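Notes for the one structure printed next.
The values are calculated or read from the model by the stated rules, or taken from the named source; none is laboratory data. Note that this is a predicted model, so its numbers are computed, not measured. Every residue, glycine as well, gets a Cβ built from its backbone with ideal geometry; the counts of neighbours run over all protein chains shown.
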Amino acid sequence: MKFRKFISTAVSALLIMSASAFPVSAEQYSSGIYTAPFGSRLAVSELSFAGIMPPVSSVDEAAAYMRQCMKERQAEFTVTVPYNGYTDEDDAVKKMLAEAMKETSSGTEGDYLRFGMKGYKYGTAVRGGNITIIYQMFYYTTAEQEKAAEIKINAMVDHFSIYGRTPYETIRAVYDYIAENVTYAEVDPNEEEHDDLSIFSAYGAAVNGVAVCQGYSQLCYRLLKDAGISCRIISGTSRGVRHTWNIAELDGKYYYLDPTWDTELGGSDGAFFMKGTSDFDEFSSKITHIPTYDYEIIFPDYESAEFKSAYPIANSKYIPPRYTKGDIDANGIIDGRDATAVLSAYARASVGKAYPFSKEQLAAADVTGEGMTDGNDASCILTFYAVSSVGKADDIIEFLQNRT
């Protein structure tokens, strides 16, 4: 399963300076390239600091500016920050990118930007205790494609009522949607150039319905983060090839998600859904997930004590709620809230939207056994609640059988 991989080919070079640039003798200059293998390798080019350099910003201010530029898919931007604290120019270049791509509450920042960046070129100038960095960025998507992805994602979220559910059901809905609606894009593992870069993005997964694992993971990340669920993208290998998957938080623990492999199994079978460290790879000895750390600074070390402390993985899979007939919220009680949930879901379905229920919830809501969930089910649930409240019934299935 291929995904973007940065190859460090930093090359020191003098920069051609214009008449308005600072004298070469007063500064240190460097330039270099970091690029992924999915596009043509960029030739080393010289960057010029012609014109007025941007004013010195704090690291936080510069990172916020860079973050916004990347979200807008701007091809070039420049920042100036204090040089103290960095070992060299290359260290500053990477750490500023890492700061710009740090985790926030937004689904279009953090890992979404990190895995949306195909590569970059940079140039630096050190002067008077400050470092100015020019970034030339290369992305898997354009600004127009990101806008199209946002429209598609918003429509999908509304249609499936993804954000009107419990945290578990939200994760389940996101996972099922991706596993059932995105087709894996077969690519040659040795191929370094691709005509359609969108297969490596959430845009490819959401709009075109075709992506490699990176697109699956990026879409999953965006949907869960925007639903208020902490999520990360993990890069590594699986089945002997480059691969990405996700982790998502529920009740204080993180669980593994790999919708790509479930797609390969024909849909949302859940073989790689909400698993822990002991059972994530239990499906087959041929499918193992191995996190890797070979991008330095820009990507986190997934095996580090710091990362594991921030994102503690559960030892075993998450035990989902147990839904029974009539008990739509799995709280062990059949009451008016269950009837209201069914009626609300039916109202949405009546106007062409999807039921905001998982498969298990739909089965629990169909108390009449008619193969559909509608107002009749809500009425039966409400009637049972009224009767059971006065001690005249305690089993909804038996109650319904006696009514017929």
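Between Tyr112, Tyr120, which is in a strand (DSSP E or B), touching a helix residue (DSSP H, G or I) at 6+ places or on another chain (Cβ under 9 Å) and either outside the structural domain of Asp226 (by TED's automatic domain parsing) or without any contact (Cβ under 8 Å) to a residue 12 or more places away in the chain (or both)? Among Tyr112, Tyr120, only Tyr120 is in a strand (DSSP E or B), touching a helix residue (DSSP H, G or I) at 6+ places or on another chain (Cβ under 9 Å) and either outside the structural domain of Asp226 (by TED's automatic domain parsing) or without any contact (Cβ under 8 Å) to a residue 12 or more places away in the chain (or both).
The residue that is surrounded by the fewest Cβ atoms within 10 Å (Cβ to Cβ), among those in the range 238-260 that are touching a residue at least 40 places away in the same chain (Cβ under 8 Å) and in contact with a helix residue (DSSP H, G or I) (Cβ under 7 Å, 6 or more places away or on another chain), is Leu250. Residues of the range 69-82 include none that is within 15 Å of Tyr120 (Cα to Cα), in the same structural domain as Ile131 (by TED's automatic domain parsing) and modelled with pLDDT under 50.
Would you be able to say whether some residue in the range 290-306 is closer than 23 Å to Tyr168 by Cα, touching a residue at least 24 places away in the same chain (Cβ under 8 Å), surrounded by fewer than 22 Cβ atoms within 10 Å (Cβ to Cβ) and in contact with a helix residue (DSSP H, G or I) (Cβ under 9 Å, 6 or more places away or on another chain)? Checked against the condition, which is being closer than 23 Å to Tyr168 by Cα, touching a residue at least 24 places away in the same chain (Cβ under 8 Å), surrounded by fewer than 22 Cβ atoms within 10 Å (Cβ to Cβ) and in contact with a helix residue (DSSP H, G or I) (Cβ under 9 Å, 6 or more places away or on another chain), the range 290-306 yields no hits at all. All conditions but one from (1) of a type in the set (Phe, Trp, Tyr); (2) closer than 30 Å to Val59 by Cβ; (3) in contact with a strand residue (DSSP E or B) (Cβ under 6 Å, 6 or more places away or on another chain) apply to Phe200; the one that does not is (3).
When Ala365, Ala330, Ala339 are checked against the criterion of being out of contact with any Lys or Arg (no Cβ under 8 Å at 6 or more places or on another chain) and free of Cβ contacts under 8 Å to residues at least 40 places away in the same chain, a single residue qualifies: Ala365.
Under the condition of being modelled with pLDDT of 85 or more, within 18 Å of Arg232 (Cα to Cα) and either in contact with a strand residue (DSSP E or B) (Cβ under 6 Å, 6 or more places away or on another chain) or not in a loop (DSSP other than H, G, I, E, B) (or both), the residues counted in the range 259-302 number 14. Check whether at least one residue in the range 147-163 is in a strand (DSSP E or B) and free of Cβ contacts under 8 Å to residues at least 60 places away in the same chain, and report yes or no. No, the range 147-163 contains no residue that is in a strand (DSSP E or B) and free of Cβ contacts under 8 Å to residues at least 60 places away in the same chain.
Scanning the range 353-383 for residues that are under 23 Å from Tyr175 (Cα atoms) and either among the basic types (Lys, Arg) or out of contact with any Asp or Glu (no Cβ under 7 Å at 6 or more places or on another chain) (or both) yields a count of 10.
Here Ile247, Ile229, Ile233 are screened, and the one residue that is part of a loop (DSSP other than H, G, I, E, B), modelled with pLDDT of 95 or more and either in contact with a strand residue (DSSP E or B) (Cβ under 6 Å, 6 or more places away or on another chain) or over 19 Å from Lys118 (Cβ atoms) (or both) is Ile229. Just one of the listed residues (Ala179, Ala125, Ala143, Ala155) is in contact with a Ser or Thr (Cβ under 6 Å, 6 or more places away or on another chain) and more than 22 Å from Leu265 (Cα to Cα), namely Ala125. Look at (1) touching a residue at least 40 places away in the same chain (Cβ under 8 Å); (2) within 23 Å of Met117 (Cα to Cα); (3) not β-branched (Val, Ile, Thr); (4) not in a helix (DSSP H, G or I) and you find that Ala206 fails only one, number (4). Among the residues of the range 364-404, those identified as among the small types (Gly, Ala, Ser), in a loop (DSSP other than H, G, I, E, B) and within 16 Å of Val342 (Cβ to Cβ) are Gly369, Gly371. Consider the range 55-73 and keep the residues that are assigned to a loop (DSSP other than H, G, I, E, B) and surrounded by 15 or more Cβ atoms within 10 Å (Cβ to Cβ). The one that is farthest from the chain's Cα centre (by Cα) is Ser57.
For the range 152-169, residues that are within 18 Å of Ala211 (Cα to Cα) and of a type in the set (Val, Ile, Thr) total 1. Within the range 74-97, no residue satisfies the criterion of being buried (at least 17 other Cβ atoms within 10 Å of the Cβ), of a type in the set (S, T, N, Q) and in a loop (DSSP other than H, G, I, E, B).
If you take the residues of the range 98-143 that are among the basic types (Lys, Arg) and buried (at least 19 other Cβ atoms within 10 Å of the Cβ), which of them is farthest from Gly85 (Cα to Cα)? This residue is Lys118.
Would you pick out the residues in the range 206-232 that are buried (at least 24 other Cβ atoms within 10 Å of the Cβ) and hydrophobic (A, V, I, L, M, F, W, C)? Answer for the range 206-232, where residues must be buried (at least 24 other Cβ atoms within 10 Å of the Cβ) and hydrophobic (A, V, I, L, M, F, W, C): Ala206, Ala211, Val212, Cys213, Leu219, Cys220, Leu223, Leu224, Cys231. Looking across Ala63, Ala125, Ala75, one residue alone is out of contact with any strand residue (DSSP E or B) (no Cβ under 8 Å at 6 or more places or on another chain) and among the hydrophobic types (A, V, I, L, M, F, W, C). It is Ala63. Among the residues of the range 308-352, those identified as farther than 20 Å from Ala173 by Cα, assigned to a loop (DSSP other than H, G, I, E, B) and of a type in the set (Gly, Ala, Ser) are Ala314, Ser316, Gly326, Gly332.
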